[in-house]
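Student: One structure, pasted below without further comment.
Quick note: the coordinates plus some simple rules give every number you see, no bench work behind them. Model, not experiment: these values are computed from the prediction. Don't worry about glycine lacking a Cβ; one is built from the backbone with ideal geometry, like all the others, and counts go over all protein chains shown.
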Ligand code: PEP
Ligand code: MN
């Protein structure tokens, strides 16, 4: 439930409501928009018993949130949330750009990719240390050593680290080395993992499941937020459809839908949607044109010899060209890179 305050209500009125909620074992999420203040009630509103909030000073009305997700809903925070990772803001005017190799293969490889990304203005470095692979015989990643390599390279270049976590028992080591934890498409409904990252305060990049609806994806975000971690960024990475020309089908429409229903920033992963390097830039442009808050793109110094996702990784030069094109589209929709 949200409490819509009257225009021009006093700070005392707001404090009074927050205090009352607290006395009943409930939390409050304050959202101060340009029009009016909204107080989101956190917890089971049945705890209020007979209290009629609409009779309190300064209250315009109480509105129930009808969706299963509350904290992640647009109603709860109409002005939208931002998430900051290493000085990069997701959900602001400027687009947030993450790039780097699919998998960490060696320190030299990560360094070469990161230098190319940084030359294009990038401040967030991605790289998979734990790789969830379809086949058990495929390269599974360098694991904790991969995290350490990412950290060393990122520190040397003053960048932040974004890397995937595949199991709840990895949380401590992942938090030590990463600035943002990625929950991959295959783990979007790994509820224990969601709860565990929710108990940390690390920013989370929550990818959409390969066959998940937008509502299921937002419910997954709610799992993280319900544990107290509101630093969640959504990532559309393509869904499984009957089409086989691309690896997945980028659901561009997810961007406006998420922006309408949720307060969370949303970015696009054109690489895993495309599956092919030549499709990556057009999909990235479409995502930004649709209103996405940023991109995560796979970049490898020598894609041909990549140990995973070779076909879809961009060279550093192609990535720099992508960023130039994205800048033009961003300007056309009132954003900047
Ligand atoms: C990745 O980003 O490396 C990855 C495995 O992505 P997804 O979970 O979207 O398949
Ligand atoms: Mn990949």
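Student: Ranking 139, 242 by Cβ neighbours within 10 Å, fewest first, what do you get?
Tutor: Arranged by neighbour count, lowest to highest, 139, 242 become 242, 139.
Student: Counting other C-beta atoms within 10 Å, which of 30, 48 has the fewest, and how do the rest follow?
Tutor: Taking fewest neighbouring Cβ atoms as first place, the list is 30, 48.
Student: Here's something else I'd like to know. Can you give me the angle between helix 316-332 and the longest principal axis of the chain, using Cα atoms only, in degrees from 0 to 90, rounded to the nearest 10?
Tutor: 30
Student: To continue, here is another question. Using packing as a proxy for protection, rank 268-274, 257-263 so that the peptide with the highest average count of other Cβ atoms within 10 Å comes first.
Tutor: Going by the mean number of other Cβ atoms within 10 Å, highest first, we get 268-274, 257-263.
Student: Considering only DSSP beta bridges where both residues belong to region 131-252, give the percentage that are antiparallel (nearest 5).
Tutor: The antiparallel proportion sits near 10 percent.
Student: Still on this structure: If neighbour count is taken as other Cβ atoms inside 10 Å, put 329, 59 in order from fewest to most.
Tutor: 329, 59
Student: Using only the alpha-carbon atoms, how far is helix 11-23 inclined from the longest principal axis of the chain? Give it as 0 to 90 degrees, nearest 10.
Tutor: Tilt of helix 11-23: around 80 degrees.
Student: Follow-up. Just to confirm my numbers, what's the Cα centroid distance between region 110-154 and region 249-298 in Å?
Tutor: 21
Student: Right, something else. With axes computed from alpha carbons, what is the tilt in degrees of helix 277-289 against the longest principal axis of the chain, rounded to the nearest 10 within 0 to 90?
Tutor: Helix 277-289 and the main axis of the chain meet at about 20 degrees.
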